[in-house]
Amino acid sequence: PSTAQLMQQFYRQRATTQPMGRAQALRQAQLALLEGTAAPAAAPPAAFAETGRGASRPGAGSDAAPFTPAPARPYARPYFWAPFILMGNWL
């Protein structure tokens, strides 16, 4: 669901009356997920609601508090939007 939201935001930014570049459109789409301004189609999987930084690696200690998503910003965790990059020549 978060990838669909990111791509919808990306192409929405690209199709506006004042189109922006690809990098800026991706940035705006990522910010929309981070800030919660993109309307999510569904809530993120429950497994991500209680996972703290480093919790997926056994024995990995961390002083960081577990990640708890805000209901208004379910995709704020970088897991959902950070791994996307632009590639290709876009001809």
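The values are calculated or read from the model by the stated rules, or taken from the named source; none is laboratory data. Keep in mind it's a predicted model, so treat the numbers as computed, not measured. With ideal geometry, Cβ positions are generated from the backbone for all residues, glycine too; neighbour counts draw on all protein chains shown.
Take segment 1-42 and flag every residue that is over 16 Å from Leu86 (Cβ atoms), surrounded by fewer than 16 Cβ atoms within 10 Å (Cβ to Cβ) and not hydrophobic (A, V, I, L, M, F, W, C).
If the condition is that a residue be over 16 Å from Leu86 (Cβ atoms), surrounded by fewer than 16 Cβ atoms within 10 Å (Cβ to Cβ) and not hydrophobic (A, V, I, L, M, F, W, C), then Pro1, Gln8, Arg12, Thr16, Thr17, Gln18, Glu35, Thr37 are the ones that fit.
Suppose we keep only residues that are modelled with pLDDT of 80 or more and assigned to a loop (DSSP other than H, G, I, E, B) within segment 10-49. Which one would you say is nearest to the chain's Cα centre (by Cα)?
My answer is Gly36.
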